[in-house]
1. Could you identify which residue out of B:F58, B:F235, B:F27 has the top mean-square fluctuation in a GNM of chain B using Cα springs shorter than 10 Å?
2. If you take every DSSP beta bridge whose two residues both sit in chain A, what share of them, in percent to the nearest 5, is antiparallel?
3. At B:E155 and A:E166, where each label point lies 7 Å from the Cα along Cα→Cβ, what is the point-to-point distance in nanometres?
4. Stretch B:Q267-B:S48 to full length: gain in nm at 0.36 nm per residue minus the Cα-Cα span?
5. Shortest first and in nm to one decimal, what separations exist between B:P90 and its copies in the other chains, measuring from label points 7 Å along the Cα-to-beta-carbon line?
6. Shape verdict for the range B:187-260, please, from the Cα gyration tensor: rounded (a/c under 1.5), prolate (a/b greater than b/c) or oblate.
7. Go ahead and set up a Gaussian network model of chain A, Cα springs under 10 Å, then flag whichever of A:G20, A:G36, A:G233 fluctuates most.
8. Looking at chain A as a GNM with Cα springs under 10 Å, which of A:V62, A:V19, A:V72 has the largest mean-square fluctuation?
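The values are calculated or read from the model by the stated rules, or taken from the named source; none is laboratory data. Everything numeric in this text was worked out from a predicted model, so none of it was measured. Counting neighbours? That spans all protein chains shown, and the Cβs are built from the backbone with ideal geometry, glycine included. Surface areas here come from the heavy atoms of the whole protein model, side chains and all, with no ligands, DNA or RNA. Shrake-Rupley method; radii C 1.70, N 1.55, O 1.52, S 1.80 Å.
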Protein chains: 2
Amino acid sequence: MSISSSESAPSRNLKIGIVGFGPFAQFLSKTMIKQGHILTATSRSDYSELCAKLGISFFKDVIAFLEAENDVILICTSIISLQQVLNSMPLQHLKRPTLFADVLSVKEHPRTELLRVVPEDSDVLCTHPMYGEESGKDGWKGLNFMFERVRIRDEAICSSFLQIFESEGCRMLEMSCEEHDKLAAKSQFLTHVIARTLVELDIQYTPIDTKRFESLVKLKEGNMNLSFDLFSGLFVKNRFAQQELQNIELAFNKVKQKLIEKMNEDQD
Amino acid sequence: MSISSSESAPSRNLKIGIVGFGPFAQFLSKTMIKQGHILTATSRSDYSELCAKLGISFFKDVIAFLEAENDVILICTSIISLQQVLNSMPLQHLKRPTLFADVLSVKEHPRTELLRVVPEDSDVLCTHPMYGEESGKDGWKGLNFMFERVRIRDEAICSSFLQIFESEGCRMLEMSCEEHDKLAAKSQFLTHVIARTLVELDIQYTPIDTKRFESLVKLKEGNMNLSFDLFSGLFVKNRFAQQELQNIELAFNKVKQKLIEKMNEDQD
């Protein structure tokens, strides 16, 4: 019996190449750097100045990025741009087998896309840290981290990557990408629909707020910094979200119908 | 110059007769008893046992209730039943001028109804404590209390009644009933519509909840104990709520439309 399983192997510093250096990648990278990992990044926009400040090597040239012998290539693009970004990456320039991981907020879509483009000798790990800058601002302890080991041969690298989140105290949840998307449609997507509706309504604090209304204004305000690309990605690239949008509309219509019936009764 | 204005007059113990002894009246009465006020109650249902436990005299006979020489008659009926309850009260049995106050969650409607039925020599104060059993469970400090002095001659009684809430630390907000109903449609009523929609959807905690989704499940759960009578009253008896329901539907439809446009673009 081996005393050193892949699970308990000591975590090692990884060379992580980030693809797509938007706000969520910037947020994650701070913790990775703190933990001692070596980061590089590439992105459609030029983040070379910001990366220089953070101690991250920024590659404008994606071939140079791919040739840099990363242990992990971490996909942090928007959901909507994933396919185009992956299609634009000449993955034949990889020098060795690499773990491809993603952190997108839908999971079946990147799973399919990564299995389509990642070279057969490279591994695929799909993950979703269920938090962001706001909920994670005081650390990640107790926050949910979902993952599926889609195609893993190099257990040591995969385990070291998961350790980034485990060691910060995340609640590690292994489940299929399909199961994630079913649950996320009924939770995260629903939350965004409500929050976006509140943004459209432009709800504001009033002098006579209840505590429960205040929680809705906070929900709205937390949503205003999130991009429409994220929101529309949660819908367009999650087949369960489309049913959920119908469910929300049906539920609202039931509520409305009951109110109107009551009003008609009252007027009789 | 008088050194003792009505504002600074020492608060006195009041004889308060409560009309309608449902959960919200029960909740308020505990604090009133703690403060030393003498309570009586009448209600369409028989609450004599519960009242006996709380030290409140319960009157099945509304004439005896009216003849008991209360300083304040506090209306705690549901919004929907207010008119019927007031019509059933033979107010000519009052032995003396009395302050009629209400705590309903809409304000123009009780204002109109009280001015219609309350004897000319009695006073009218419309109030709305903007909290309930849940938000007020650890005391009322900092919670909003709205009121309009609709027709006040006996400043001492009115002031002593308001003192019940002021002394617990409520944020006292004097505004017109119309202004209240405008603001409440956009805050409290909206909150109930969202919460009821979440009840219809039967949203549940999942293993991968975000913090923001958890706040929506809490909102739904807090709403499940509230009656449909309250919710429908917020709609039927607040003329601004009807416009707000349309606004919510329009906002949702805009959000839906944007998502569907994005989906169509994606499929092109």
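1. Among B:F58, B:F235, B:F27, the largest mean-square fluctuation in the Gaussian network model of chain B belongs to B:F27.
2. Bridges in chain A that DSSP calls antiparallel: roughly 20 percent.
3. 7.2
4. Between B:Q267 and B:S48, full extension yields 72.2 nm more.
5. 9.9
6. It is oblate, given that a/c is not under 1.5 and a/b is not larger than b/c.
7. A:G36
8. Result: A:V62 has the largest fluctuation of those listed.
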